[in-house]
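Below: the structure, in structure tokens.
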Amino acid sequence: MSAPIVLLHGWACPASYWNPLAGYLREAGHEVQNLDLPGYRGPLEPDFEWTVENVAADFALKFAAAGPVHWVGHSLGGSIAATIAARFPRTTASITLAGMVPVKPSQATVERLTRLFGGPEQPGEEAAEEMIEAWFRGGNAPQGADRERFLAPFRLPAAVVRSSMLAGLTGAAEDVPDKVTAPTLVVTGVRDATRPPDIVQDFLAAHPTWRHALIPDAGHLVHWEQPEACAVAVLDLLAAAED
């Protein structure tokens, strides 16, 4: 039996945005688990320090007895997945990083997030709307019930939104990429400006064993906008990893 797939969502994102991709993966016969990051469903543990390293350690501990899993992480979730693979290789059959490579976000992204969500106050609807438009560049932003799906995480307690944002801006430690030994896939949309294409290409050139799927007509939420294309890339990686 193949190892399960564990999905880790990004900053200020709903875990349910994995559902279309998860459906394709389950149709292909895989067990899929969709995890919420700390504070995104229920309160944080007292004195919990929201860092990529802490969250990675917590998730790795939860799966330590289950054997290796296929980690799939988007954006902040990708930083966590890469850190798990680097620090806890026995938990990792493969990793897929969606909408990111483990380098710092673009300066424009850092400035926007800091401006909109850097303070202790609850972010307003205008800030959330601006982020959604930035994620879905090119006029593909969701409407109606789906838009509400993406607005909801911004209404979480301000401390959760801000602390997980800061973790996302910090990202994975510099030594993480070179310590990843598991088969690795990067999936990015051609319209994603969170990490510009030249940065992605430079990173991948330095890590030639990592696979890359560049998906047309998609931005930062590549797995939501093009779930079938992402599923094909993930399934190819899993087949190679389990061969």
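The values are calculated or read from the model by the stated rules, or taken from the named source; none is laboratory data. Keep in mind the model is a prediction, meaning the values are calculated, not measured. Cβ sites come from the backbone with ideal geometry, for glycine too, and all protein chains shown count toward neighbours. Calculation scope for accessible area: heavy atoms of the full protein, side chains included, ligands and nucleic acids excluded. Shrake-Rupley method; radii C 1.70, N 1.55, O 1.52, S 1.80 Å.
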Phi-derived 3J(HN,Hα) across segment 170-185 with the Karplus relation (6.51, -1.76, 1.60, θ = phi - 60°), rounded Hz, x for Gly and Pro, is 5, x, 6, 4, 4, 7, 4, x, 6, 9, 7, 10, 6, x, 10, 10
Assign unit charges at the C-beta atoms only (+1 for Lys and Arg, -1 for Asp and Glu), then state the dipole size of the chain relative to its Cα centre in Debye, rounded to the nearest 20. 180 debye
Selection from G189, L25, P123 lying farthest towards where the dipole of the chain points positive, charges on Cβ: L25
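Going by the alpha-carbon gyration tensor, a ≥ b ≥ c the square roots of its eigenvalues, is segment 48-151 rounded (a/c under 1.5) or, if a/c is not under 1.5, prolate (a/b greater than b/c) versus oblate?
Prolate.
Per the helix-only calculation at 222 nm, which mean residue ellipticity applies to the chain, given -39500 (n - 2.57) for every DSSP H run of n ≥ 4 and division by its residues, nearest 500 deg cm²/dmol? Before the final figure, lay out each step's value.
Details: 11 runs with 108 residues, N = 243.
Estimated from H runs of four or more residues: -13000 deg cm²/dmol.
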Can you compute the charge dipole magnitude of segment 77-208 about its Cα centre, using +1 on each Lys and Arg Cβ and -1 on each Asp and Glu Cβ, nothing else charged? Give it in debye, rounded to the nearest 20. 380 debye
The chain - percent relative contact order, Cα under 8 Å, separation 6 or more: 25 percent
What is the chain by shape, rounded, prolate or oblate, if you read a ≥ b ≥ c off the alpha carbon gyration tensor as root eigenvalues and call it rounded for a/c under 1.5, prolate for a/b larger than b/c, and oblate otherwise? rounded
Under unit Cβ charges (Lys, Arg +1; Asp, Glu -1), what dipole magnitude, rounded to 20 debye, does segment 1-127 have relative to its Cα centre? 440 debye
C-alpha center-to-center spacing [segment 1-74, segment 89-154] in angstrom: 17 Å
Probe 1.4 Å, accessible area per residue of the chain, Å²: 44 Å²
Taking all protein chains as present, what is the carbon and sulfur share of the accessible area of segment 163-230, in % to the nearest whole number, probe 1.4 Å? 57 percent
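Using only the Cα atoms of segment 1-92, build the gyration tensor, take square roots of its eigenvalues as a ≥ b ≥ c, and label the shape rounded, prolate or oblate: rounded if a/c is under 1.5, else prolate if a/b is larger than b/c, else oblate.
Here segment 1-92 falls in the oblate category.
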What does the highest-first list of 15-22, 41-48, 201-208, 107-114 look like by mean Cβ count within 10 Å? 15-22, 107-114, 201-208, 41-48
